[in-house]
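J.: Sharing a structure with you now.
Every number in this text was worked out from the coordinates using simple rules, so none of it is lab data. Values in this document were obtained by computation on a predicted structure and should not be read as measured data. Note that we place each Cβ from the backbone using ideal geometry, even for glycine, and neighbour counts take in every protein chain shown.
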Amino acid sequence: MKTRIFVGFIVMMFVFVTPLSANGKVDIQKYFNDTANKVKATENAAEKREILNESFQNLSKALEKVENMGLVSNENRDVFDQFKNNLQEKQDELAGNNGYERIPDSQLNNFSNYVVQDMEQALSISLVALLLIIILVILLI
Amino acid sequence: MQNSHRQSTFHIYIACVGLMVFCSLLFSSCAQLPIQNYSQVLKENEHAPIYSIVCIVHGDNNYIYHDTTGNKLSADKETITQIIRVAQQNQNAEVFIFHQKPASNFLLFFPTKDGDFYYYRNGQLIANESYWRDQKESQLNPELELFNSYSADNKSEMKKIFLYFGHQIPEYGGEGYDESYPERTFTVSDLATGLINFLGDSEKFDMSILSTCYGGTPFTIDKLGALSKIIIASPENLHLSYFDLAPLEQLDEKLRIGNNISFAKNFAQNAFDKLTMNVQTSVSIAIYDVDSTKQYLNEIRMSYTNTLTNLKLQFQTFPSIVKQCDCAELPSYLLPQMNKGVTIFYRPARFGRLKNKQNHSGWECWKYDAKITNIR
């Protein structure tokens, strides 16, 4: 009994001490990084395009869902909209809509890196709403 | 029987608490290991350093980024590795490194120190200890205390370089800069106020390198220009992989007396080449020869200050209405002398709306839509 309590205590100590570094921002970054890795892993341009498109659409759906559930506070509204617009711009650029030239097939790998890097810069500031979004993204995928 | 069981449980409890306290003491003592006997090392290295580098690496927020092969990296830790290499390579320099880390607890209840300090002199590690950062206002007081404890006596004769790595330093507000201390504020003015004390008898740093997003604004250069002869900064976003520090590794070869501007150009060109090779977003690195920029800064100071005052009053809770742009896009800032004293290395983003923008003035300003303001 004593041994069990003692071992249990030691195990608890290490469990609690493990740093909980994961957060929404990091998960969003991972999401785009995984997409870029998939894009670069395939040779076929149509598949690359499909992977990127699907990734944008999944996230857009998640954003809509968050919005419809009324989870975006007034305080976070502008930051949320800014993120949503940023995502829409990337979708438009990929497809060549809204005044954008369609991304050439030869540039899709670079474009996937651009998305990762641009999102990393955008997420450098505190986006509290995204902590909620990421939960939904994970549920959708 | 029951008494004996209670006694045993009590003993286990005491033993556990004792173990926690022991671990806590062990943990905190590990953080303060004097690497070498300070005076002994100084005797062995009798020549006084001729360069002094103060480097602050902010790591208390999200500093995760991915390289082009998809590896997850932590910008602050990568920077610490680079600056330690700089410190080891320079046989005539003293290097102060402050790593501002997130707050954390040991065993849930015991707060651990949230700063790491390294002091190198003539290529050797003299001290490495943990410290407590400012808990309220952030004006670098604990860092200054460590600086004063170790810095060489010949401060006024040394070439001084200041390096800062972190996210954009706010020009107003400043709450939330530290993820661990959301209430604490840190602004450009706080940095400037804190830095004055690192100068000792000297009037200015020979060079300051701001490895942050949006460091090249009139306000930031004006404030930090009071403390530095030359500033290298990015007027736009700067990717978290930051400026490459390799040119700082051989200061004796590359930074000769009176050659600060050419060294700054060499540093900026190298950083620009490295970033443009790996980054698809825009890359902008500017060198500000502070004295030469004064005329322009004097002309626009009033206008910029008014904008900042408006931002403070109106936009604290609506940050996305406020955007930053090249000052050259705003008529009131587009003056003939705006390029004086500024050398800019610029490449637009490979994608996005601004991919065809070919030039940048080197100055970044605020813009906001007045119509939106009225609606709100």
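J.: Which of B:ILE50, B:ILE261, A:ILE103, B:ILE221 has the fewest other C-beta atoms within 10 Å, and how do the rest follow up to the most?
T.: Ascending Cβ contact count within 10 Å gives the list B:ILE261, B:ILE50, A:ILE103, B:ILE221.
J.: What FRET efficiency would be calculated for the residue pair B:ALA226, B:LEU334, taking the C-beta separation as r and a Förster radius of 22 Å, to the nearest 0.05?
T.: The formula returns an efficiency of 0.30 here.
J.: Cross-link candidates for A:LYS40: which aspartates and glutamates have Cα within less than 14 Å, leaving aside residues fewer than 8 places away along the same chain?
T.: A:GLU50, A:ASP105, B:ASP67
J.: What is the sum of charges around B:SER149, taking Lys and Arg as +1, Asp and Glu as -1, for the other residues whose C-beta is under 14 Å from the C-beta of B:SER149?
T.: Taking every Cβ under 14 Å from that of B:SER149, the sum is -3.
J.: So which of B:LYS223/B:LYS294; B:LYS101/B:LYS160; B:LYS101/B:LYS274; B:LYS323/B:LYS357 end up more than 22 Å apart by C-alpha? Before the final figure, lay out the partial values.
T.: Working: B:LYS223/B:LYS294 11 Å; B:LYS101/B:LYS160 25 Å; B:LYS101/B:LYS274 27 Å; B:LYS323/B:LYS357 17 Å.
From B:LYS223/B:LYS294; B:LYS101/B:LYS160; B:LYS101/B:LYS274; B:LYS323/B:LYS357, over 22 Å: B:LYS101/B:LYS160; B:LYS101/B:LYS274.
J.: What does the charge dipole of region A:55-119 about its Cα centre add up to, to the nearest 20 debye, if the Cβ of each Lys and Arg holds +1 and the Cβ of each Asp and Glu holds -1? Mind dumping the intermediate values first?
T.: Values: 6 positive and 11 negative charges, 43 e Å.
Value, rounded to 20: 200 debye.
J.: On to the next question. Calculate one ³J(HN,Hα) per residue across region A:45-56 by plugging θ = phi - 60° into the Karplus curve 6.51 cos²θ - 1.76 cosθ + 1.60, and present them in order as whole Hz with x for glycine and proline.
T.: 5, 5, 5, 4, 4, 5, 4, 5, 4, 4, 4, 5
J.: For B:LYS355, go through the aspartates and glutamates and keep the ones whose alpha-carbon is under 12 Å away, minus same-chain ones fewer than eight residues off.
T.: The qualifying aspartates and glutamates are A:GLU93, A:GLU101.
J.: Kindly put B:TYR333, B:TYR63 in sequence by how many other C-beta atoms sit within 10 Å of each C-beta, fewest to most. Let's see the in-between values first.
T.: Numbers: B:TYR333 21, B:TYR63 24.
Listed from fewest to most nearby Cβ atoms, that is B:TYR333, B:TYR63.
J.: Another one. Starting from the amide H of B:ALA103, placed 1.01 Å from N in the peptide plane, find each other amide H under 5 Å away whose residue is 5 or more places distant or on another chain.
T.: Counting only residues 5 or more places away or on other chains, the set is B:SER180.
J.: Considering every residue in B:63-73, what mean count of other chain Cβ atoms within 10 Å of its Cβ is obtained?
T.: 6
J.: Could you state the number of Å between the C-alpha centres of region B:120-152 and region B:54-95?
T.: Each part reduced to its Cα centre gives a spacing of 17 Å.
J.: Rounded to the nearest 0.05, what FRET efficiency do A:ASP34 and B:GLU175 give with R0 = 51 Å and r taken as the Cβ-Cβ distance? Could you check?
T.: In this case the efficiency is close to 0.95.
J.: Within straight cross-link reach of A:LYS38, meaning Cα distance under 24 Å, which lysines are found once same-chain residues fewer than 8 apart are removed?
T.: Partners within reach: A:LYS25, A:LYS30, A:LYS48, A:LYS61, A:LYS84, A:LYS90, B:LYS72.
J.: Specify the inter-centroid distance of region B:221-296 and region B:192-216, based on alpha-carbon positions, in whole Å.
T.: Rounded to whole Å, the Cα centres lie 13 Å apart.
J.: In addition: In the neighborhood of B:LYS312, defined by Cβ-to-Cβ distances under 14 Å, what is the net charge if each Lys or Arg adds +1 and each Asp or Glu adds -1? Provide the component values of the computation, followed by the final result.
T.: Working: positive: none; negative: B:GLU171, B:GLU175.
Here the charged neighbours net out to -2.
J.: Could you tally the net charge around B:MET207, taking each other residue with its Cβ under 13 Å from the Cβ of B:MET207, Lys/Arg +1 and Asp/Glu -1?
T.: With Lys, Arg at +1 and Asp, Glu at -1, the net is +4.
J.: Turning to a different aspect of this structure: Any idea what the dipole of region B:28-375 comes to, in debye rounded to 20, about its Cα centre with Lys/Arg Cβ at +1 and Asp/Glu Cβ at -1?
T.: Using only the charged Cβ atoms, the result is roughly 980 debye.
J.: Could you tell me the calculated FRET efficiency between B:ARG85 and B:ASN278, based on Cβ-Cβ distance and R0 = 22 angstrom, to the nearest 0.05?
T.: Between B:ARG85 and B:ASN278 the formula returns 0.70.
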